[in-house]
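Each value in this text was obtained by applying a stated rule to the coordinates, not by laboratory testing. Please read all numbers here as calculations on a predicted model, not as lab measurements. Heads up, the Cβs are rebuilt from the backbone with ideal geometry, glycines too, and the neighbour counts pull from every protein chain shown.
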Amino acid sequence: MNHLLRKISAVLVVGFVVLAAPPAVSKTDGHIRFTPAQDYPAANVTYNGTASPGAITHLYRNGKADRYADLVLANIVGGPVVLYGTGDGRFAGRRVLKNSDTDASAVAVADFNDDGVPDIVSGGYTTERLTVLLGHRDGSFTVSGNYFLRGVWPSQFQITDLDRDGHLDIATTAYFGGRITILLGNGNGTFRQAAPVPGTTLALAMLAADINGDRIPDLAVTESIPVLGALGPHGSVKILLGNGDGTFRSGATYPIGVLSENIRYADVNEDGRRDLVILNALVGNDASILLGRAGGRFAPERRLHVGGPDSFEPLGVRTVDGSEGQQLVDFNRDGHLDLVVTQMISSTLVIFEGDGHGNFTRTGQQRVTGFPEDLMAGDLDGDGCPDLAVPGNVPPVGTADAGVARVSILLNRSPQCRSRHATVGAHPPTTTPAPAAPAAPDRHAPDFQAGILQFYWLAQLPWG
């Protein structure tokens, strides 16, 4: 329900955003640098991105793995989309996997049958179904099974060995229904349903990792129903401890922000214990940082405001923009984890530099494609430095591209990466790269027509 309210709020404010927000330029005042966002696909095609970021992978074609990074993206109109990389951070080929969920709101890539070829799992936006596609060396995919999803609109997959049998398992939550679905792998690309997971009311975001140090994967799960506390409404993150057989028992619960849709688990203060960084989409437009303690426990949260100068925070009220996606990666190669966060309504990427003590300083922001949620980090141009792929939910609307949603590609040109790029460079492409887009007005800059059409597009979505 809270996710529904968030989306409805987006519909109500988007017209105001595009009218009130001034045209913006990329700001890169710190040491972390990215190229301006280049959107793909460039042609007028039907592709509608959604919450799941998808995956950066190397798919098979013609009997061998692609040398260059490819993208697999969710697509709620037609099925998952594959964009084939050319090795220089650009993408030329495009393919829709029509034998998967045609309303796929989430995708993930892993090798489920141990043949060395990437496979794909997707989740239906409205169908209460998960579909597993097995990859083949000729580049094709075949359905190995369809499985019941406990709810609708899955947004994130966790792929790991939950029952310690040597085979990958699948875990996901759903925006509507709010229950956890776990599929235990048989090792041949088929799965069996695990027992229901107790201890959660309406699960929203989820992360699987060994939190208490017993070498068994646990779950960190956020609840979508806020609780009224002494300082106002707050959400919670629950730790569910794994038993090693695909079942879980309740652990500790910690207060965090409201409508927390994204969790990362990494050692941000470099004390040898991993920490939780959880984005809160509503009320604060902030992140809850919970530093890890001994025994898999966490210190009380502290908040980090993750908006930027162009974030939509009218009169300083941090309630609307929606911090939806994050990556914790050392982008500038200084040995400390950095943080990048997407802002949904203002369609911006906000960049924070980490100091290794758990503190983050905002150093820049850049425009990206319309209504971004989560995002991917990986080497897209072969220079060894992490780049970004940011899928959008709502298309930039113009005379030539109505109905097209895109993924923004931002190549890392931080100081050490620039020097490496100059000496190593991207691998030369074996296919003709996509032609550079001609000079044109900034597609990411808001305008009145875009606001009206985006408003209409959102209003037509099947909110459930």
Quick one: if you stick a label point 7 Å off each Cα along the C-beta vector at Arg293 and Thr190, how many nm between them?
4.7 nm
Could you tell me whether region 76-148 comes out rounded, prolate or oblate from its Cα gyration tensor? Rule is a ≥ b ≥ c as square roots of the eigenvalues, rounded for a/c under 1.5, then prolate if a/b exceeds b/c, otherwise oblate.
oblate
Can you bin region 221-343 into rounded, prolate or oblate? Criterion: square roots of the alpha carbon gyration tensor eigenvalues sorted a ≥ b ≥ c, rounded for a/c under 1.5, prolate for a/b above b/c, oblate for the rest.
oblate
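Take the alpha carbon gyration tensor of region 200-286, find the square roots of its eigenvalues, order them as a ≥ b ≥ c, and report rounded if a/c is under 1.5; if not, report prolate when a/b exceeds b/c, else oblate. If you can, show how the numbers build up before the last one.
Values: a/c = 2.23, a/b = 1.42, b/c = 1.57.
Cα axes put region 200-286 in the oblate bin.
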Rounded to the nearest 20 Debye, what is the dipole magnitude of region 102-238 about its Cα centre when Lys and Arg each give +1 and Asp and Glu each give -1 at the C-beta?
440 debye
I'd like the distance between the alpha-carbon centres of region 217-264 and region 147-175, rounded to an integer number of Å.
17 Å
Quick query: amide H of Val258 versus all other amide H atoms, modeled in the peptide plane; which residues come in under 5 Å with a sequence gap of 5 or more or a different chain?
Gly235, Leu282, Gly284
Phi to ³J(HN,Hα) by Karplus 6.51 cos²θ - 1.76 cosθ + 1.60 over region 253-268, Hz, x for Gly, Pro
10, 10, x, 9, x, 10, 6, 8, 9, 8, 10, 10, 9, 7, 8, 7
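So if R0 is 41 Å, what FRET efficiency would His136 and Asn212 give, r being the distance between their Cβ atoms, rounded to the nearest 0.05?
Working: r = 39 Å, r/R0 = 0.96.
In this case the efficiency is close to 0.55.
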Going highest first, how would you order 156-167, 330-341 by mean Cβ packing within 10 Å?
330-341, 156-167
Say R0 is 25 Å: what FRET efficiency, to the nearest 0.05, do Arg273 and Asp355 get from their beta-carbon distance?
0.90
